[in-house]
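What follows is a short report on a single structure.
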Amino acid sequence: MTRVLEVDPASPDPQALSAAAKVLREGGLVAFPTETVYGLGADATSPEAVRRIYEAKGRPPDNPLIVHVASPDAVPGRLTSVGRRLAERFWPGPLSLVIARGPGIAPEVSCGLDTVAVRMPDHPVALGLIVHAGVPVAAPSANRSGRTSPTTAQHVLEDLEGRLELVLDAGPTRVGLESTVLDLTSDPPAVLRPGGVTLEQLREVVPQATLASEPTGAPRSPGTRYRHYAPRARLRLVEATGAEAAQLIRRLAEAERRAGSRVGALVTSEAARADPGVDLLEELGPAADLAVVACRLYAGLRALDARGADVIFAEAGFAPDGLGRAICDRLRRAGGKCL
Ligand code: TXA
Ligand code: MG
């Protein structure tokens with residue numbers, strides 16, 4: 001049985017936090033909101049508790065977890081001076097740092113690697129939970145492995161009901177895409193996963209920061225090897241924007257409908273206004289506001305799945321810089337075929 005506790009996102013009830021912390025300390029699993037997506041938390045110091053995360057998600061055993069802390073001083077490892085400066089600038093916030101692993105956390109957290117990913121989330125519920133638990137909290141996104149990350153408590157239940165003890169429901173998350181993962185153990189530091197903190201922002205602190213090239217041999221961020229963020233419907237990426245994207249989708253949708261498919265589209269407000277001629281439409285918001293687009297991306301994919309789309313055409317012509325880089329990355333990893 002999974003319990004759901006509603007909490008105020010700005011000032012969560014300490015009693016709810018302490019009840020959730022007790023579940024964690026007893027080896028249970030608690031889903032909680034962060035500013036990015038909902039996480040599936042366990043006591044990072046307990047091998048049994050951490051193993052339950054992999055089980056609940058159906059997660060491959062070689063894909064390590066991010067450890068969440070409530071202050072830079074609590075990281076289970078060594079923060080270099082660059083790490084300290086990044087933490088000062090971006091924490092709490094959507095940046096995970098891969099650092100040399102210290103003692104005190106279960107080896108299962110980082111799958112035997114000598115590094116560990118750490119971050120301090122920017123959400124009163126997440127921070128309150130970690131403080132009440134008194135231990136670092138290991139937490140991947142709270143979805144079944146391979147599925148779209150959850151931005152609401154409802155999404156968590158869709159995927160994991162009965163597989164965890166408790167969900168702290170504080171409404172939809174603000175960023176909507178997972179944190180940026182920056183590897184500080186490589187020289188120069190490399191972005192393994194683009195996210196809420198952009199490469200451009202990172203370069204203000206670490207000018208030499210680069211994007212990790214796509215894995216050829218052994219992947220540097222094991223998680224990037226797997227198909228991710230996928231809706232149930234077939235996903236087709238439309239490499240165009242606005243009215244041009246709408247026109248393209250209208251043409252493609254016609255053929256799909258003739259073949260008997262229910263057709264969905266996930267497009268910006270501009271493309272929606274130009275009418276892509278589909279059965280089911282979800283809007284990403286204005287193309288000029290990528291923060292809104294990022295925030296609605298996963299919720300939009302899940303909504304189209306829930307409404308019974310067989311195929312989803314997603315507008316994907318965003319410029320691959322700033323937040324657009326993270327949006328394009330997720331659309332591609334969702335397994336979308338480009339048109
Ligand atoms: O925003 C987020 O980061 C969310 C919230 C809940 O904090 N968490 C999240 O976790 O997205 P997850 O498990 O879905 O993604 C963690 C990513 C994976 O791509 C994983 O391979 C990478 O971080 N990672 C974790 N530890 C690593 C390590 N030691 N070295 C390289 N990559 C690592
Ligand atoms: Mg994930």
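Could you list all residues from the stretch 226-269 that are assigned to a strand (DSSP E or B) and open to solvent by 50 Å² or more (accessible area, probe 1.4 Å)? It would help to see each step written out before you state the result.
In the first step, residues of the stretch 226-269 are kept if they are assigned to a strand (DSSP E or B); the result is 230, 234-238, 263-267.
Answer for the stretch 226-269, where residues must be assigned to a strand (DSSP E or B) and open to solvent by 50 Å² or more (accessible area, probe 1.4 Å): just ARG234.
Under the condition of being at pLDDT below 95 and over 19 Å from ALA245 (Cα atoms), which residue from the stretch 292-322 is surrounded by the fewest Cβ atoms within 10 Å (Cβ to Cβ)?
First, pick out the residues of the stretch 292-322 that are at pLDDT below 95: 319-322.
Narrowing the set further to residues that are over 19 Å from ALA245 (Cα atoms) leaves 321-322.
Values: ASP321: 13, GLY322: 16.
Among residues in the stretch 292-322 that are at pLDDT below 95 and over 19 Å from ALA245 (Cα atoms), the one surrounded by the fewest Cβ atoms within 10 Å (Cβ to Cβ) is ASP321.
One residue stands out among those in the stretch 63-108 that are outside any helix (DSSP H, G or I) and of a type in the set (Lys, Arg): the one that is farthest from ligand 2 (Cβ to nearest atom), which is ARG78.
Report whether or not ARG119 is more than 16 Å from ligand 2 (Cβ to nearest atom), charged (D, E, K, R) and in the same structural domain as VAL191 (by TED's automatic domain parsing).
Spelling it out, it is not the case that ARG119 is more than 16 Å from ligand 2 (Cβ to nearest atom), charged (D, E, K, R) and in the same structural domain as VAL191 (by TED's automatic domain parsing).
Scanning the stretch 194-249 for residues that are within 16 Å of ligand 2 (Cβ to nearest atom) and at pLDDT 95 or above returns PRO194, GLY195.
When you check LEU17 against the structure, is it closer than 15 Å to ALA126 by Cβ, crowded, with 16+ Cβ neighbours inside 10 Å and within 16 Å of ligand 1 (Cβ to nearest atom), yes or no? Answer is no for this residue. Residues that are outside any strand (DSSP E or B), open to solvent by 10 Å² or more (accessible area, probe 1.4 Å) and not small (Gly, Ala, Ser) within the stretch 141-170 comprise ARG144, THR152, GLN154, HIS155, LEU157, GLU158, ASP159, GLU161, ARG163, GLU165, listed in sequence order. Just one of the listed residues (LEU95, LEU113) is within 15 Å of ligand 1 (Cβ to nearest atom) and crowded, with 20+ Cβ neighbours inside 10 Å, and it is LEU95. Within the stretch 160-190, being of a type in the set (A, V, I, L, M, F, W, C) and either touching a helix residue (DSSP H, G or I) at 6+ places or on another chain (Cβ under 6 Å) or within 16 Å of ligand 2 (Cβ to nearest atom) (or both) holds for LEU160, LEU164, LEU166, VAL167, LEU168, ALA170, VAL175, LEU177, VAL181, LEU184. A Cβ distance below 7 Å, combined with a sequence gap of six or more or placement on separate chains, defines the contacts here; from the stretch 299-320, residues that are acidic (Asp, Glu) reach residues that are not in a loop (DSSP other than H, G, I, E, B) in the pairs ASP310/ARG234; GLU315/VAL238; GLU315/ALA245; GLU315/LEU266; GLU315/VAL267; GLU315/ALA271.
Looking at VAL116, VAL181 in this structure, which one is assigned to a strand (DSSP E or B), touching a strand residue (DSSP E or B) at 6+ places or on another chain (Cβ under 9 Å) and free of Cβ contacts under 8 Å to residues at least 60 places away in the same chain? Walk me through how you get there before you give the answer.
Details: VAL181 fails: free of Cβ contacts under 8 Å to residues at least 60 places away in the same chain.
Only one candidate passes the filter, namely VAL116.
Among the residues of the stretch 271-288, are any in contact with an Asp or Glu (Cβ under 7 Å, 6 or more places away or on another chain), over 16 Å from GLY176 (Cβ atoms), buried (at least 24 other Cβ atoms within 10 Å of the Cβ) and not acidic (Asp, Glu)? Looking for residues that are in contact with an Asp or Glu (Cβ under 7 Å, 6 or more places away or on another chain), over 16 Å from GLY176 (Cβ atoms), buried (at least 24 other Cβ atoms within 10 Å of the Cβ) and not acidic (Asp, Glu), one finds at least one in the stretch 271-288, hence yes. Any residue at all in the stretch 53-75 that's open to solvent by less than 20 Å² (accessible area, probe 1.4 Å), over 21 Å from the mean Cα position of the chain (by Cα) and in the same structural domain as THR115 (by TED's automatic domain parsing)? Looking through the stretch 53-75, none of the residues is open to solvent by less than 20 Å² (accessible area, probe 1.4 Å), over 21 Å from the mean Cα position of the chain (by Cα) and in the same structural domain as THR115 (by TED's automatic domain parsing).
The values are calculated or read from the model by the stated rules, or taken from the named source; none is laboratory data. These figures come from a predicted structure and were not determined experimentally. Note: ideal-geometry Cβ built from the backbone for every residue, glycine included; neighbour counts use all protein chains shown. Quick note on the areas: whole protein, heavy atoms, side chains included, nothing else; ligands and nucleic acids left out. Shrake-Rupley method; radii C 1.70, N 1.55, O 1.52, S 1.80 Å.
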